[in-house]
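The values are calculated or read from the model by the stated rules, or taken from the named source; none is laboratory data. Since the structure is predicted, the reported quantities are computational estimates derived from the model, not experimental observations. Cβ placement follows ideal geometry from the backbone for every residue including glycine, while neighbour counts extend to all protein chains displayed.
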Amino acid sequence: MRRTIILLGLWAWSANAQAGESAFDEPGFYLGGEIGARGYQNACGPEALSCDRRDAAWGGYAGYRFSHFISVEAGYLDLGEARATYPRLTSTLEVTGDIEGYGLSALLGIPATADVRFFVRAGAFRWQAETHSSEFAIEDQAWSAMLGGGFEWHSGRSWLWRCQYLYLDDIGSSNTGRANGHVVSVALGYLFHRR
């Protein structure tokens, strides 16, 4: 596995060198929006009669690219709703959970060609969770780790298309319900050039 990763890295580096100057060499601020799908791992208790762990996710982001290797990025992400049905003595209880939040991360990229690069990211996610039913409403917030990766490509000089996977570790609390989040999304951004 390690040998494969090293070979892929060398291939990406040599392909970039042959292509000449990369579109990712140019630094600058960028803005974008994303839409995708979210799934929760361990979202519902074992006693749940039904559990809907999947929903749409969307967000926006802003960042600064220092070079084709390093970027920093802040963003907002709405993870939609998770729903579960729990048994009661003579009825059932419908419970809905909502999570949204703000993330801050660093991106490390390796160009594969002049217009395409792979990237990995790591950072923190400040989540705000709300769980409610006909019997209660609970809110909580805290920080969780955020990891991800994907690829992006330039379209023209300024447009940036992105496809990525994001892992959110242990979001929610014991009060609102805790889960690991998995988000797959596509995004479109615009780079504001310095020159």
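Does A124 satisfy the condition of being in a strand (DSSP E or B), touching a residue at least 60 places away in the same chain (Cβ under 8 Å) and touching a Leu at 6+ places or on another chain (Cβ under 8 Å)? No; evaluated as a whole, the condition is false for this residue. Answer yes or no: is there a residue in segment 5-24 that is touching a Phe, Trp or Tyr at 6+ places or on another chain (Cβ under 9 Å), modelled with pLDDT of 90 or more and surrounded by 15 or more Cβ atoms within 10 Å (Cβ to Cβ). Checked segment 5-24: no residue is touching a Phe, Trp or Tyr at 6+ places or on another chain (Cβ under 9 Å), modelled with pLDDT of 90 or more and surrounded by 15 or more Cβ atoms within 10 Å (Cβ to Cβ). Out of S173, S158, S185, S133, one residue alone is touching a His at 6+ places or on another chain (Cβ under 8 Å) and among the hydroxyl-bearing types (S, T, Y). It is S158.
Here G36 passes the criteria (1) farther than 29 Å from H154 by Cα; (2) in contact (Cβ under 8 Å) with a residue 40 or more places away in the chain except the one numbered (1). Selection of segment 85-111 for residues being surrounded by fewer than 20 Cβ atoms within 10 Å (Cβ to Cβ), among the aliphatic types (A, V, I, L, M) and farther than 17 Å from V183 by Cα yields L89, L93, A106, L108, I110.
Listed here are the residues, each with its yes/no results for (1) modelled with pLDDT of 95 or more; (2) under 17 Å from A37 (Cα atoms); (3) of a type in the set (V, I, T).
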| site | (1), (2), (3) |
| --- | --- |
| H68 | no, no, no |
| R83 | no, yes, no |
| G97 | no, yes, no |
| L107 | yes, no, no |
| A145 | yes, no, no |
